[in-house]
1. Using a Gaussian network for the chain with springs between C-alpha atoms less than 10 Å apart, which of these wobbles most: Ala239, Ala177, Ala75?
2. Based on the Cβ-Cβ distance from Gln30 to Asn62, what FRET efficiency comes out when R0 is 41 Å, to the nearest 0.05?
3. Hey, can you find the accessible area per residue of the range 214-308 for me, probe 1.4 Å, expressed in square angstrom?
4. Report the Stokes-Einstein translational diffusion coefficient (µm² s⁻¹, integer) for the range 198-302, Rh taken as the Kirkwood radius over Cα pairs, at 4 °C with viscosity 1.567 mPa s.
5. Please report, as a whole percent, how much of the solvent-accessible surface of the range 178-283 comes from carbon and sulfur atoms (probe radius 1.4 Å).
6. Can you give the direction-averaged projected area of the convex hull of the alpha-carbon atoms in the chain, in nm²?
7. If you project the alpha carbons of the range 23-98 onto their three principal axes, what span does each projection cover, largest first, in Å?
8. ³J(HN,Hα) across the range 12-28 via Karplus (A = 6.51, B = -1.76, C = 1.60, θ = phi - 60°), whole Hz, x for Gly/Pro?
Amino acid sequence: MQHLLSGFTPIWVLTAVGYLVARAGLLGPQAEAVLGRFVFHVAMPAALFTMLAKARLDSFANTAMLAFAAGTALATGLGVLAARRLFDRRPADQAISGMAAGYVNSANLGIPVALQVLGDASFVAQILLFQVLLVTPVILALLDAGTERGARRGRLLMLPLRNPIILASALGALLSATGWTLPPTLARPGELLGAAAVPTALVTLGMSLHGRRDRATAGRRAEVGVTVLLKTLVQPLAALAVGALLLHLPRPQLLAVVLCSALPTAQNAFVYAREYGLSTALARDSVLSSTLVSMATLSLVYWTLGPT
């Protein structure tokens, strides 16, 4: 539990900082919107570009990733289905619901948890590649097609040229595939800029908690509950079933797959919802609630599948 707390503490502290900043009015009434756009258009693209430019793109093509991908697909699909059938959400909101149910916090939480519990973050790096290269473009395409912003801007085929996250990911993947490397004078500024993505996103998340006038209705509480259940329970159980029963993964690989599948919702869901002008309530509450619940589920996974 001490190892897990060391990974969770920065999330709670930076979120609390954002709340206090908004409460004190230090940055003005438009700060949340400005910081949100900074994350989406500047810091996050820089982080993804620098990460992918140095990554091996073939690293996530392995058997263990099949189990993780199966859990991701099931949880995301059920999240979309629940938003459509149970809560009557429009298509763009369904995409956010699916993301909240199946997109794990692999960066700022997955890496420290993997280092502390597994002693190695290599599998988390593969998950980062999987989510950035495969899951994120699908989610953003659904958001672009399901919002007025996407309709105004034209055809879906132009999405990679219009979306900074997809464009930066594609350029980073291109550099990795061709073996090119940026000179240090360009690489270092990109790394510094990308390092601002996670803390700024968490501060923005905390700012969104201040001044909420909407009281959570029974319907929204139920929607958040379903999303958190899919994220923290269904996704790791699906990965466990596929990894153990179908793929017969060795115990260390099975632990890595299930542990990473049990990670909470990434704050990216909140960032994307805000950028596309959607309600951020579900994404925000799912991030916070799943982060709290996952402290217990991650411990349970380790006690069940960890070294005897």
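The values are calculated or read from the model by the stated rules, or taken from the named source; none is laboratory data. Here the structure is a predicted model, which is why all the values come from computation and not from measurement. In this analysis, Cβ positions are derived from the backbone assuming ideal geometry, glycine residues included, and neighbour counts consider all displayed protein chains. Accessible surface areas use protein heavy atoms only, side chains included; no ligands, DNA or RNA. Shrake-Rupley method; radii C 1.70, N 1.55, O 1.52, S 1.80 Å.
1. Ala177
2. The computed FRET efficiency comes out at 0.35.
3. Numbers: 3850 Å² over 95 residues.
Using a 1.4 Å probe on heavy atoms only, each residue of the range 214-308 averages 40 Å².
4. Rounded to a whole number, D works out at 87 µm²/s.
5. On the way: 3140 of 4710 Å².
Here carbon and sulfur together make up 67 percent of the probe-accessible area.
6. Values: hull surface 65.5 nm².
For the chain, the mean projected area of the Cα convex hull comes to 16.4 nm².
7. Here the Cα extents, ordered largest to smallest, are 49, 42, 20 Å.
8. 5, 5, 5, 5, 5, 4, x, 4, 5, 4, 5, 5, 7, x, 5, 10, x
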